[in-house]
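S.K.: Structure below; questions to follow.
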Amino acid sequence: MARTVWNSTVGKKTVMAVSGLVMLLYLVAHMIGNLKIFFGAGEFNHYAHWLRTVGEPFMHYEWTLWLIRVVLVVAVIAHAVSAYQLSRRDIKARPSKYVHRKPRASYATRTMRWGGIILALFIVWHLLDLTTGTVHSGGFETGKPYQNVVDTFSTWYGNTIYVVAMIAVGLHIRHGFWSAAQTLGVGSRTRDRALKTTANALALLLTAGFLAVPVGVMTGVVS
């Protein structure tokens, strides 16, 4: 039964929608956490430590954090695989180009695939930069996330990578949220306008929220 659902186009679109919403919820929580950096090093470092102790003593140190990571990895893989397979099906279903040009889709729609690739590469860089410290620009210090973030956004390439990725996030959410609503049957003629407005608002809010951190470092508000 599960295999039949997965092999269907509707099943893959549903997996994309659900996994996308899981990642969206994470992004909202992650953005709120990031903004704690404006309250100073003590507050931000305490928040980072708290993430590793959530659920104690029932959960051991970092167990909850690792559980969240596993859920996110599953969501990312499911989302990417579904998107790739649906893309392949779309190409096979239309082996030749349309004789008549279709109306131009929105910029977000036309860049969803490239946006997904950019975000996948960014996730790898982001983890290597601020989680493992492998590609970190300064002297990476475990337990001092505030200073590590300041180090990253004190470099032109760290800011460039992050800004490009966050713009891609905004475009992805703008199209993906509305698309997911249609797939899950939430959309309708009366609700479509509200859904599109919500998608635009979420995209703008998350993009601005994430970009506030590098802007804060560049302007000296965070130092």
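The values are calculated or read from the model by the stated rules, or taken from the named source; none is laboratory data. None of the values given here were measured: they were computed from a predicted structure. All Cβ positions, even for glycine, are placed from backbone atoms using ideal geometry, and neighbour counts span all protein chains on display.
S.K.: Go through the stretch 128-174 and report how many residues are without any contact (Cβ under 8 Å) to a residue 60 or more places away in the chain, of a type in the set (A, V, I, L, M, F, W, C) and within 25 Å of residue 117 (Cβ to Cβ).
M.R.: Of the residues in the stretch 128-174, 11 are without any contact (Cβ under 8 Å) to a residue 60 or more places away in the chain, of a type in the set (A, V, I, L, M, F, W, C) and within 25 Å of residue 117 (Cβ to Cβ).
S.K.: Being surrounded by fewer than 13 Cβ atoms within 10 Å (Cβ to Cβ) and outside any helix (DSSP H, G or I) is the requirement here; does residue 60 meet it?
M.R.: yes
S.K.: Can you find a residue in the stretch 10-19 that is touching a residue at least 24 places away in the same chain (Cβ under 8 Å) and in contact with a Gly (Cβ under 9 Å, 6 or more places away or on another chain)?
M.R.: Scanning the stretch 10-19, I find at least one residue that is touching a residue at least 24 places away in the same chain (Cβ under 8 Å) and in contact with a Gly (Cβ under 9 Å, 6 or more places away or on another chain), so the answer is yes.
S.K.: Inside the stretch 206-222, can you point out the residues that are in contact (Cβ under 8 Å) with a residue 12 or more places away in the chain and under 22 Å from residue 171 (Cβ atoms)?
M.R.: First pass over the stretch 206-222, keeping only residues in contact (Cβ under 8 Å) with a residue 12 or more places away in the chain: 206-207, 209-214, 216-218, 221-222.
Once the filter is applied, which keeps residues that are in contact (Cβ under 8 Å) with a residue 12 or more places away in the chain and under 22 Å from residue 171 (Cβ atoms), the stretch 206-222 yields 206, 207, 209, 210, 211, 212, 213, 214.
S.K.: Can you name every residue in the stretch 1-22 that is of a type in the set (Ser, Thr, Tyr) and either at pLDDT below 85 or touching a Pro at 6+ places or on another chain (Cβ under 6 Å) (or both)? So that I can check it myself, show each step before the final result.
M.R.: Residues of the stretch 1-22 that are of a type in the set (Ser, Thr, Tyr), as a first pass: 4, 8-9, 14, 19.
Listed by number, the list holds a single entry, 4.
S.K.: Test residue 151 against the criterion of being over 24 Å from residue 47 (Cα atoms), surrounded by 14 or more Cβ atoms within 10 Å (Cβ to Cβ) and acidic (Asp, Glu), and give yes or no. Explain how you work it out, then say what you get.
M.R.: On the way: over 24 Å from residue 47 (Cα atoms): no; surrounded by 14 or more Cβ atoms within 10 Å (Cβ to Cβ): yes; acidic (Asp, Glu): yes.
Taking the combined requirement at face value, the residue does not satisfy it.
S.K.: Taking the stretch 104-121 only, how many residues are surrounded by fewer than 18 Cβ atoms within 10 Å (Cβ to Cβ) and at pLDDT 90 or above?
M.R.: Residues flagged as surrounded by fewer than 18 Cβ atoms within 10 Å (Cβ to Cβ) and at pLDDT 90 or above within the stretch 104-121 amount to 2.
S.K.: Please give the number of the condition residue 140 fails out of (1) within 30 Å of residue 45 (Cα to Cα); (2) under 15 Å from the mean Cα position of the chain (by Cα); (3) surrounded by 13 or more Cβ atoms within 10 Å (Cβ to Cβ); (4) not charged (D, E, K, R).
M.R.: Failed condition: (2).
S.K.: Scan the stretch 125-137 for residues that are surrounded by fewer than 20 Cβ atoms within 10 Å (Cβ to Cβ) and within 20 Å of residue 215 (Cβ to Cβ) and jot them down.
M.R.: Within the stretch 125-137, the first condition is being surrounded by fewer than 20 Cβ atoms within 10 Å (Cβ to Cβ), and the residues that meet it are 125-128, 130-137.
Passing the criteria: 125, 126, 130, 137.
S.K.: Go through the stretch 63-84 and give me each residue that's among the polar types (S, T, N, Q) and either under 17 Å from residue 21 (Cβ atoms) or not in a helix (DSSP H, G or I) (or both).
M.R.: We begin by selecting, within the stretch 63-84, every residue among the polar types (S, T, N, Q); these are 64, 82.
Across the stretch 63-84, the qualifying residue is only 82.
S.K.: Is it the case that some residue within the stretch 51-65 is out of contact with any Ser or Thr (no Cβ under 8 Å at 6 or more places or on another chain), among the hydrophobic types (A, V, I, L, M, F, W, C) and in contact (Cβ under 8 Å) with a residue 24 or more places away in the chain?
M.R.: Checked the stretch 51-65: no residue is out of contact with any Ser or Thr (no Cβ under 8 Å at 6 or more places or on another chain), among the hydrophobic types (A, V, I, L, M, F, W, C) and in contact (Cβ under 8 Å) with a residue 24 or more places away in the chain.
S.K.: Across the stretch 20-29, what is the number of residues that are of a type outside the set (A, V, I, L, M) and either free of Cβ contacts under 8 Å to residues at least 12 places away in the same chain or farther than 28 Å from residue 215 by Cβ (or both)?
M.R.: 0
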